[in-house]
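Down below is the structure, laid out as C-alpha cells.
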Amino acid sequence: MKKKIKDKIASEDQPYREGKKLLKNQILFIILALILAFSLRLALSKFPGYVNDMETYKRWGKSALKYGVCNVQDYENNCDYPPGYLYILKVVAFTYHVINPDMADEKLFNAMIKLPSIIADLLCGLLLFYYLFHKYDFRQAFYGFLIYIFNPAVMADSSIWGQSDSVPLLLFFLSLLMSFKKRNTLSYIFLSLSVITKLQYVIIIPFILELNSRGKERLPEITRGISICLITVFFVCFSFIINHKFGHIIDTIFLTPDRYNNLSLNAFNLWWIVAKGQGMTGSDYTSILGILTYKKAGIILFSLFFIMIFSVFCKEDKEDYLIECIALTVFAFFLVLTRMHERYIFPVILLLALLFVKNFKYKVLYSILSINVFFNILLVLQWIYPANGFYFFDVIDTKIFSLFISVLNIILFILLSVNILKKYNLRLIITAVIFFFIYILAGNMYHFKKEIYISHLQELKASQDWGKLHKDTNLDGERIFIKFYPYDYGLSTHSNSTVTYVLNKNYTYFKFDAGIGQESGNKGTVVFKVILDGKEVYTSPLIHGWDEPLHVEIPVSGKDLMDLVVTDGGDGINNDHAIWGNGKLYK
C-alpha cells in the first residue's frame with residue numbers, strides 16, 4: 001500500500017507523463033464543454049461593459065486599420081496600450097469592415113471587440129486541460145478545465161467587461177508551458193509577446209529566465225534568452241522603427257504608468273483599505289508621516305515580496321512550488337502597489353487553476369479568489385456605468401462590501417504565501433531592508449543637499465486669481481503633467497499669480513520647466529516671470545496649452561527675495577493652469 005502511494009506521488013511530481021491519449025467520448029465531452037462555454041460568453045457579450053473602454057477600443061481599431069498601428073498615437077492622444085493588442089484590434093476592425101463595410105452595426109462591433117478575449121479564455125482552458133491531463137487522470141484534468149472555462153470572474157472580464165486580459169495571459173501561459181517542456185526558444189518568444197501585449201508581464205521575465213537557465217550555463221542562457229526577447233520585440237515593433245515612431249512605444253512604457261496617481265484604480269487591495277473605499281479619489285503622492293509617499297511605500301513593499309519569493313523560486317524544483325511562486329508575485333503586484341486596476345490580479349486565477357486538483361487548500365483559495373474578482377469587476381461596472389443593471393448591489397452597501405473583499409484578498413494572500421515565504425533567504429531580506437532604509441533616508445535629507453525643490457520650501461506669501469497654490473500636484477490634486485511629460489515635483493498656480501520666496505543670498509541658480517498643465521488640453525495662455533529683489537530678470541514668451549515644456553535657468557547669487565509671477569497672456573484667466581515643473585534652487 002505504501003509503495004502504491006509513493007509511486008503515485010512520484011508520478012505526479014513528473015512534469016508530464018507521455019503517451020497518454022484521449023478516448024473518443026472524452027474528446028466529445030471537451031468539445032461539448034467548449035461549445036457551451038463559447039455560447040454562454042456570446043450571450044453575455046450583449047452587455048455593453050464599460051462604454052468608455054469599448055468605444056476607445058473601437059476607435060483604436062479603426063485608427064490602426066486606417067493609419068497603421070504605428071500611427072495610432074498620432075490620432076488617439078489617450079492610446080496607452082503597447083503594440084501587441086493594437087495589432088489584434090486592427091485585425092478585429094478589418095474583419096468587422098469586411099462583414100459590415102459601412103461599419104454601422106455597433107452591437108456587432110462590440111461583440112467582435114470581445115471576441116479575441118473570449119477565444120483566449122477557451123484556449124487557456126484547453127492548455128490547462130493539456131497540462132493537467134499529463135499529470136493526473138482525465139477526470140481530474142476535465143474537472144480543472146471546467147472550473148476555469150465556466151469561472152464567473154473569467155467570463156465577466158472578457159464577455160461582460162470586454163477587457164483584453166485573457167490575450168496576454170494566454171501568451172504567458174504558453175511561455176510557462178514551453179519552459180516546463182524545456183523548449184526555451186518558444187518560451188522566450190511567447191514571453192516577449194505577452195509583455196508587448198500587456199506590460200504587467202514584465203515582472204515574470206526573471207522567473208522565466210531563471211527557469212530556462214537551469215541545468216545550463218546560466219549567463220550564456222540568460223544572454224541568449226534576452227537576445228531572443230529583444231529580437232521578437234524588434235520584429236513586432238518593426239513598423240514603428242522604420243516609420244520613426246518608436247518613441248510612441250517609449251512613451252507607452254515610461255509615461256503611461258505615471259498617467260494616474262490614484263491610490264487604487266478600483267482594485268480592492270491594501271490601498272483601497274487605506275483610502276477607506278475611495279481609492280480613485282486619493283493621491284498616491286500623499287506623504288506618510290513626512291517620510292515617504294504611498295507610491296514609494298508600495299514599491300518598497302512589492303520589492304521586498306519579490307526578493308523573498310524569487311529567492312525561494314531559485315531554490316525550488318517542483319513545478320507546484322514554481323507555479324505558486326509566480327502566482328504569489330502577481331498577487332503581491334496587485335495587492336501592495338498603488339495605481340492598480342481590478343484586473344491586474346487576473347493571472348492568479350489561471351495559476352491557481354493549475355494547482356486546483358492538488359489538494360483542498362488550493363480548491364478553497366481558487367474558489368474564494370474567483371468570487372472576489374467576480375464581485376470586484378461587477379462592483380466597478382455598477383459604479384462607473386449603472387445602466388448595466390446589476391441589481392444585486394441595490395440591497396447592499398457597496399463601499400463596505402468592497403472593503404470586505406479587500407480584507408479577504410489580504411487574507412488569501414497570507415494563506416497562499418505560508419508555504420513560500422517560510423523558505424526565503426533571511427540574509428537577502430536583511431540586505432534589502434537596509435538598502436531601502438538608506439533609500440528612504442537619502443530621499444528625505446533635503447537639508448544636507450546642495451539643491452532643493454521650491455515645493456519643499458515654505459513660501460513667504462502666495463496669491464492667485466483662482467483656486468490656491470498646489471505643491472507636487474496639479475490644480476486637480478493629481479500628478480503634474482506638461483503636455484505628456486510627467487513631473488514629480490513643482491508648483492501649480494493659476495493666473496494671475498505671485499509666489500514669493502526668501503533666498504537670503506543662499507542660492508546660486510534657479511532652474512524650472514514652464515508650461516500649462518495637461519488637464520487644460522490645448523487651452524490657456526500664460527506668461528512666466530521671475531523677479532529678483534524687485535527687478536524683473538526673466539520673461540517667457542507666450543505659452544499655450546499643449547506647448548512643449550520650456551526649460552529655464554536663472555542665476556540668483558546674492559539675491560534676497562524671489563517672486564514667481566504668472567500673467568494671463570492678455571486673454572483672461574480661463575484654463576491658465578501654470579506649472580513651475582521641477583523648480584529647483586541650487587546652493
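Here are some notes:
- Test: residue in segment 519-527 that is within 25 Å of Lys587 (Cα to Cα) and in the same structural domain as Glu459 (by TED's automatic domain parsing): no
- Taking the criterion of being of a type in the set (A, V, I, L, M) and out of contact with any Ser or Thr (no Cβ under 6 Å at 6 or more places or on another chain), the residues of segment 503-532 that qualify are Leu503, Ile516, Val530, Ile531, Leu532.
- Candidate set from segment 84-102 (those that are crowded, with 23+ Cβ neighbours inside 10 Å and touching a Phe, Trp or Tyr at 6+ places or on another chain (Cβ under 8 Å)); member that is farthest from Val195 (Cα to Cα): Leu89
- Pair list, Cβ < 7 Å and 6+ apart or interchain, from segment 300-318 residues that are farther than 11 Å from Thr329 by Cβ to residues that are among the hydroxyl-bearing types (Ser, Thr, Tyr): Ser311/Tyr424
- Looking across segment 534-563, just one residue is aromatic (Phe, Trp, Tyr) and in contact (Cβ under 8 Å) with a residue 40 or more places away in the chain, and that is Trp546.
- Some residue of segment 5-17 being at pLDDT 85 or above and either assigned to a helix (DSSP H, G or I) or within 28 Å of Leu193 (Cα to Cα) (or both): no
- Residues of segment 561-570 classified as in contact with a Leu (Cβ under 6 Å, 6 or more places away or on another chain) and either part of a loop (DSSP other than H, G, I, E, B) or among the small types (Gly, Ala, Ser) (or both), total: 1
- Conditions (1) crowded, with 19+ Cβ neighbours inside 10 Å; (2) under 22 Å from Ile452 (Cα atoms); number of the one not met by Ser495: (2)
- Inter-residue pairs, beta-carbon under 8 Å, first in contact (Cβ under 8 Å) with a residue 60 or more places away in the chain and closer than 15 Å to Ile27 by Cβ and in segment 134-150, second assigned to a helix (DSSP H, G or I) and among the β-branched types (Val, Ile, Thr), 6+ apart: Phe142/Ile30; Phe145/Ile30
- Among the candidates Val552, Val556, Val537, residue that is outside the structural domain of Asp74 (by TED's automatic domain parsing) and either charged (D, E, K, R) or farther than 21 Å from His456 by Cα (or both): Val537
- Pairs linking a residue in segment 220-234 that is part of a helix (DSSP H, G or I) to a residue that is of a type in the set (Asp, Glu) and surrounded by 14 or more Cβ atoms within 10 Å (Cβ to Cβ), with Cβ atoms under 9 Å and 6 or more positions apart or on different chains, are Ile222/Glu210.
- Complete set of residues in segment 498-513 that are part of a strand (DSSP E or B), over 32 Å from the mean Cα position of the chain (by Cα) and surrounded by 18 or more Cβ atoms within 10 Å (Cβ to Cβ): Val499, Tyr501, Phe510
- The condition of being more than 25 Å from the chain's Cα centre (by Cα) and surrounded by 23 or more Cβ atoms within 10 Å (Cβ to Cβ) holds for only one of Phe172, Phe133, Phe145, that being Phe145.
For (1) surrounded by 15 or more Cβ atoms within 10 Å (Cβ to Cβ); (2) outside any strand (DSSP E or B), each residue gets a yes or a no:
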position	(1), (2)
Gly477	no, yes
Leu491	yes, no
Glu536	no, no
His551	no, no
Gly572	no, yes
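- Single residue of segment 502-524 satisfying the filter (at pLDDT 90 or above and in contact with a Leu (Cβ under 6 Å, 6 or more places away or on another chain)) that is nearest to Gly572 (Cα to Cα): Ala514
The values are calculated or read from the model by the stated rules, or taken from the named source; none is laboratory data. Not measured: the values here are computed from a predicted model. Here the Cβ is made from the backbone with ideal geometry for all residues, glycine too, and neighbour counts use every protein chain on show.
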